[in-house]
Amino acid sequence: MTDQVPTLLRGRLLSFHSAPAGPQDTAAYSYLEDGALLLIDGKIAAQGAYDAVRVQAPENVRTVDHRPNLILPGFIDTHIHFPQAQVIASWADQLLDWLNDYTFPAEMRFADKAHSARIATEFYDALVAQGTTTAVAYCSSHPASVDAYFEEAERRGMLMLGGKTMMDRNAPAELCDTPQSAYDDSKALLAKWHGRGRAHYVITPRFAITSTPQQLEAAGTLLKEHPGCHLQTHINENHNEIALTRELYPDAAHYLGVYESFGLLGPKTLLGHCIHMTGPEMRIMRETGSVAVFCPTSNLFLGSGLFDKAGLEGAGIRTAIATDVGGGTSYSMLRTLDEGYKILQLQRQRMHPLTGFYWATRGNADALSLTDRIGTLDAGSDADLVVLDARATPPMALRMETVETLSEELFVLQTLGDDRAVVQTYAAGQALKV
Ligand code: GUN
Ligand code: ZN
């Protein structure tokens, strides 16, 4: 994006430096009442007080005044299923029935490139509408779906991660690959997309139930050959899933032991759900630096269980938060924070709004090891931003009449906000929300 006119965004800036230790931890973030970002060539060239940044702007700068709205780093969704855009809101029992009855049939249609391309357009429109500038997605098992996913990201200048779902058993034949074809297709897609523009390829074995040991071994080989890539899979989401996994891998000490034995764990490994964890699994998570991904709306919708944020983090495990559409019920990270807050409330773990907004921005960027590019408003970062209006609806505006602090405002956004509160979404300096 080298042909952009330099842009000066004026507004109230909020960006995090670390996880807030508590409500009083003002060192964890920067907040500027009258701030500005200077965007040049898709990056944040300067940030700070408006008066200080304005004088650094080139003559041809275009100014957009977003006051009194908040400008934050764009939201990051660390676990979502691109081919489940038409699965969301399907009336199902629990995980395994939901997969068999709705999810696998819907994913079968992604063998068709035209269908993949159409859904990709809608999928990205939904992300942008909600202020999400980066997501980590499972595509279907068909290479065409991966091409459609990254082609649309490239068109919009968005930093997206994703990969072909590897699955060679316990699913319809139309979705099943083989250990060899999954390896070959993933490797070819990785060679084509990883590092092209802003694309990051993610090695994606769906979960132990739909992969033979031979396929998990192939995934491990691929990861060893490409240590710069992320790997994503699911674990400990549902009791029936865990029982079936134990039957399929009787020699493993526990569910995580399956993934460990094939070399799938490490600081770039994202493990969706992590609800029903045992002590030994927690220790291995910490030792390997693997990331536990909380998917609140999905965990409630499928009746999966309650993610123990304090327990996991207290054990030294890295965490992230995500929508998990289409098990999840909203593309909105605001709705996701709200439902996550309620799950934690049920466990007497009251999440402060500063912690929530940290998590959805810098926290998720840290979990992806991408904080040098996204998740903050630091100079040098990519210009991926969300602009939020806490008075977007009449009930929000009414509530805001009594709000006195930034934390209260964030809590109104989290509890009452959705796409109507997202005024604008910028990816690489480009305003994308129509
Ligand atoms: N486990 C394996 N596949 C899936 C999926 O598509 N969604 C969820 N929520 N869990 C899974
Ligand atoms: Zn998932």
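For Thr134, the amide hydrogen comes within under 5 Å of the amide hydrogens of Asp77, counting only partners 5 or more places away or on other chains and with H modelled in the peptide plane.
A simple rule links phi to the HN-Hα coupling: the Karplus curve 6.51 cos²θ - 1.76 cosθ + 1.60 with θ = phi - 60°, which for region 196-210 gives 7, x, 9, 7, 10, 7, 10, 5, 9, x, 4, 5, 4, 5, 9 Hz, with x for Gly and Pro. For Ser15, the residues whose amide H sits under 5 Å from its own are Ser30, ignoring neighbours fewer than 5 places away on the same chain, with H placed 1.01 Å from N.
With respect to the cross-link table entries Lys309/Lys342; Lys192/Lys268; Lys164/Lys187; Lys164/Lys192, which display a Cα-Cα separation exceeding 18 Å? Those over the limit are Lys192/Lys268. Note on Glu174 and Asp97: the model spin-label points, each 7 Å out from Cα along the C-beta direction, lie 2.3 nm apart. Mean separation of Cα pairs under 8 Å and 6 or more residues apart, divided by the residue count, gives the chain a relative contact order of 20 percent. Ala191 versus Arg283, label points 7 Å from Cα toward the beta carbon: distance in nm? Roughly 4.2 nm, to one decimal. When the Cα positions of Phe110, Leu39, Ser90 are compared along the charge dipole of region 1-114, Leu39 comes out farthest toward the positive end, with charges on each C-beta of Lys, Arg, Asp and Glu. Computed across region 1-67, the Kirkwood hydrodynamic radius from all distinct Cα-Cα pairs reaches 12.8 Å. Potential lengthening of the chain between Ala27 and Arg67 amounts to 12.0 nm, from the contour at 0.36 nm per residue minus the alpha-carbon distance. With the convex hull of the Cα atoms taken as the outline of the chain, the averaged projected area works out to 19.6 nm². Ligands, DNA and RNA left out, the accessible area of the chain computed with a 1.4 Å probe is 52% carbon and sulfur.
Projecting the Cα atoms of Ala253, Ala19, Gln232 onto the charge dipole of the chain (Cβ charges, centred on the Cα centre) puts Ala19 farthest toward the positive pole.
A simple rule links phi to the HN-Hα coupling: the Karplus curve 6.51 cos²θ - 1.76 cosθ + 1.60 with θ = phi - 60°, which for region 78-85 gives 8, 6, 8, 10, 4, x, 10, 5 Hz, with x for Gly and Pro.
Under 22 Å of direct C-alpha separation, and excluding same-chain neighbours fewer than eight residues apart, Lys433 reaches these lysines: Lys43. Could you grab the relative contact order for region 215-374? Cα pairs under 8 Å, six or more apart, rounded to a whole percent. Normalised by residue count, the contact order of region 215-374 is 18 percent. Between the Cα long axis of helix 406-416 and the first principal axis of the chain there is an angle of about 50°, rounded to the nearest 10. So if a site counts as exposed when it's one of the trypsin sites (Lys or Arg not before Pro), its DSSP state isn't H, G, I, E or B, and it has at most 11 other Cβ atoms within 10 Å, what's the longest stretch of the chain without one? With a cap of 11 other Cβ atoms within 10 Å, the longest stretch comes to 1-347. Near the amide H of His230, within less than 5 Å, lie the amide hydrogens of Ile203, all on another chain or at least 5 residues away, with H placed in the peptide plane. Across all C-alpha atoms in region 295-434, the radius of gyration and Dmax reach 15.5, 43 Å.
Only one residue of Gly163, Ala126, Pro143 has its Cα farthest out toward the positive end of the dipole of region 67-179, where Lys and Arg carry +1 and Asp and Glu -1 on Cβ, and that residue is Ala126.
Between 0 and 90 degrees, rounded to the nearest ten: what's the tilt of helix 143-156 against the longest Cα principal axis of the chain? Relative to the chain, helix 143-156 is tipped by roughly 0 degrees. Solvent-accessible surface of region 283-366, taken per residue with a 1.4 Å probe and all protein chains present: 29 Å². As a length-normalised measure over Cα pairs under 8 Å and 6 or more apart, the relative contact order of region 84-179 settles at 26 percent.
Axis angle, to the nearest 10 degrees, between helix 333-346 and the longest C-alpha principal axis of the chain: 70 degrees. Rg/Rh for region 49-158 stands at 1.15; both radii use Cα atoms, and Rh follows the Kirkwood definition. Label zone (Thr212, point 7 Å along Cα-to-C-beta; backbone nitrogen cut-off 17 Å) within region 138-176: 166-176.
The values are calculated or read from the model by the stated rules, or taken from the named source; none is laboratory data. Owing to the predicted nature of the structure, the values given are computational and were not obtained by experimental measurement. Cβ sites come from the backbone with ideal geometry, for glycine too, and all protein chains shown count toward neighbours. Ligands, DNA and RNA are excluded from the accessible area calculation, which covers all protein heavy atoms including side chains. Shrake-Rupley method; radii C 1.70, N 1.55, O 1.52, S 1.80 Å.
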